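Single-structure report; data block below.
The values are calculated or read from the model by the stated rules, or taken from the named source; none is laboratory data. Here the structure is a predicted model, which is why all the values come from computation and not from measurement. Cβ: placed from backbone, ideal geometry, glycine included. Neighbour counts: every protein chain shown. Note: areas computed on protein heavy atoms with side chains; ligands, DNA, RNA excluded. Shrake-Rupley method; radii C 1.70, N 1.55, O 1.52, S 1.80 Å.
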Amino acid sequence: MPHHEVDQIDYMAEEGDMSDFADDVDGEENGGGDRSLDDYDMILVRLEFNPESSIRFILTKVTDTSSAQARTGKDIQGILWERLNITRESYRRTRLEQYRNYENIPLSGDAVDKVVYLRRLPKCKQKSKGGYYYEFFHNTRSVKPTILHFQLRNLVWATSKHDVYLMSNYSIMHWSSLSQNLTEILNFSGHVAPTEKHAGSLLEGFTQTQISTLAVNDDFLVAGGFQGELACKRLDKQGVSFCTRTTYEDNAITNAIEIYDTLSGGTHFMASNNDCGVREYDMERFQLVNHFHFPWPVNHTSLSPDCKLITVVGDHLDGLLTVATVEGHLDYSFASAWHPDGRIFATGNQDKTCRVWDLRNLSNPVSVLKGNMGAVRSVRFSSDGQFLVVAEPADFVHVYNTNLNYEKRQEIDFFGEISGVSLSPDDESLYIGVWDRTFASLLQFNKRHRYGYLDSYV
């Protein structure tokens, strides 16, 4: 991202959220003070949506929503539409009309259709809805995902269908959907220092680190900061294993991290930074293995399943494939992912599209997947390759069926900024972090099967 945009972390608030008609009891915004979970969930619901009309309030408690409750008609986010003078459908239309997509290249989202026409390419249109691959299971209100930078949305990671790690203010939290326990793993508001000694590690650690991105894989966790900080932790051990600064340049923000297994059986991670660098670290000895330089800030990288190719996207219209360039996007990209077959990969861009590419023919994308109202901030292929999950910055997550050539999708529709999306390693659960001043929560969807389960069993 351009360096001057790093300070625009309040951009999301300008777009409007559910606090347009529902306000916290004490008026606090995200991150304000210490409150009990019961206090946190008490809200004042405004009965009049029109700000010029008289405003009446009713005190109510927003609670979790289960799949059983959703089937009987309860809103999955617990929004009491029946007590408002606006319907969900009307508010959705308002959001679609008024939401401002952030673009580095002006009008890039609107220009997609014009470029398609001028180049005589197939029309870029939204794929058919009607897919039903993941079913709503639970909305957890006690989990409060947050976002530090409006362009960086990789802050939710599932390591099993029951275990999720996410950022909440200065803390990395662990949520167990099985035990319903929320546990703090690391708190960066104070002093964080390594408990192990490794060459190159900053033994003095960091203080008040602003975490911009996160990655969790098996028992390894890596957090990246606004000043190029990296903190590595083994989840099966106490303390932090390794701390370092990738660079001391002003333009140092860590934009993305990917943890992966090497062909030799080890575990490495790659950090993508705003200083135009990508750094590869060995997670056994925490040593820098490779340092790649690019002509523009790198926003995201992803490694192919055979560990031979790297997709690199950043502050440039084109994406790089270490051996080739893919052309077609009209703005900067912030997401990429590989299909497990090692031939297909996807890129997400601020031009409101996700483009799917095939290594065997990179001249044109296999498919262009158009969003509803904003940039594509996160893309994830399922482990079995059957689905591609595409997240906009707010309100919409799309699940495409790869076996149907991406022509059919499931649209998951809610209200709030998206802090991250994550499929569990077995693809059984899909988690969505929702940041909103009033209705922040963690949404869980479970993969549909031809057989069904009872929600509870006594």
Legend entry - Residue check, S168 small (G, A, S), under 18 Å from the mean Cα position of the chain (by Cα), open to solvent by 30 Å² or more (accessible area, probe 1.4 Å) and at pLDDT 90 or above: no
Legend entry - Tally, over segment 261-297, of residues that are over 22 Å from T322 (Cα atoms) and part of a strand (DSSP E or B): 1
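Among the residues of segment 372-386, write down those that are under 27 Å from H449 (Cα atoms) and open to solvent by 10 Å² or more (accessible area, probe 1.4 Å). It would help to see each step written out before you state the result.
The first filter runs over segment 372-386 and keeps only residues under 27 Å from H449 (Cα atoms), leaving 378-386.
R380, F381, S383, D384, Q386, listed by residue number.
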Inset, instruction - Among the residues of segment 46-86, write down those that are at pLDDT below 90 and under 16 Å from R141 (Cα atoms). - result: T60, K61, V62, T63
Legend entry - Hey, N361 at positive phi, open to solvent by 10 Å² or more (accessible area, probe 1.4 Å) and not aromatic (F, W, Y) or not: no
Inset, instruction - May I ask you to list the residues in segment 425-441 that are open to solvent by less than 10 Å² (accessible area, probe 1.4 Å), outside any strand (DSSP E or B) and in contact with a Ser or Thr (Cβ under 6 Å, 6 or more places away or on another chain)? - result: D427, T438
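Take L182 and decide whether it is assigned to a loop (DSSP other than H, G, I, E, B) and either at pLDDT below 95 or open to solvent by 30 Å² or more (accessible area, probe 1.4 Å) (or both).
No: the conditions fail for L182.
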Legend entry - Which listed residue is of a type in the set (G, A, S) and either at pLDDT 70 or above or in contact with a Leu (Cβ under 9 Å, 6 or more places away or on another chain) (or both), from G109, G33, G27: G109
Inset, instruction - Could you check H398 against (1) more than 25 Å from H149 (Cβ to Cβ); (2) surrounded by 20 or more Cβ atoms within 10 Å (Cβ to Cβ) and say which number it fails? - result: (1)
Legend entry - Test result for V368, closer than 23 Å to L155 by Cα and among the hydrophobic types (A, V, I, L, M, F, W, C): no
Legend entry - Which numbered condition A199 fails, given (1) open to solvent by 40 Å² or more (accessible area, probe 1.4 Å); (2) in contact (Cβ under 8 Å) with a residue 60 or more places away in the chain; (3) within 25 Å of the chain's Cα centre (by Cα): (3)
Legend entry - Count of residues meeting criterion [in a loop (DSSP other than H, G, I, E, B) and open to solvent by less than 10 Å² (accessible area, probe 1.4 Å)] in segment 344-358: 2
Legend entry - Per-region count, segment 64-116, residues in a helix (DSSP H, G or I) and open to solvent by less than 70 Å² (accessible area, probe 1.4 Å): 17
Inset, instruction - Name every residue in segment 315-365 that is β-branched (V, I, T) and closer than 26 Å to D413 by Cβ, in order of residue number. - result: T347, T353, V356
Inset, instruction - Can you give me the number of residues within segment 401-424 that are open to solvent by 10 Å² or more (accessible area, probe 1.4 Å) and of a type in the set (F, W, Y)? - result: 1
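Does at least one position in segment 329-343 carry a residue that is farther than 24 Å from C276 by Cα and either of a type in the set (F, W, Y) or open to solvent by less than 20 Å² (accessible area, probe 1.4 Å) (or both)?
First, the residues of segment 329-343 that are farther than 24 Å from C276 by Cα: 339-343.
Those still in the list that are either of a type in the set (F, W, Y) or open to solvent by less than 20 Å² (accessible area, probe 1.4 Å) (or both) too: 342.
Within segment 329-343 (the criterion being farther than 24 Å from C276 by Cα and either of a type in the set (F, W, Y) or open to solvent by less than 20 Å² (accessible area, probe 1.4 Å) (or both)), the answer is yes, since at least one residue qualifies.
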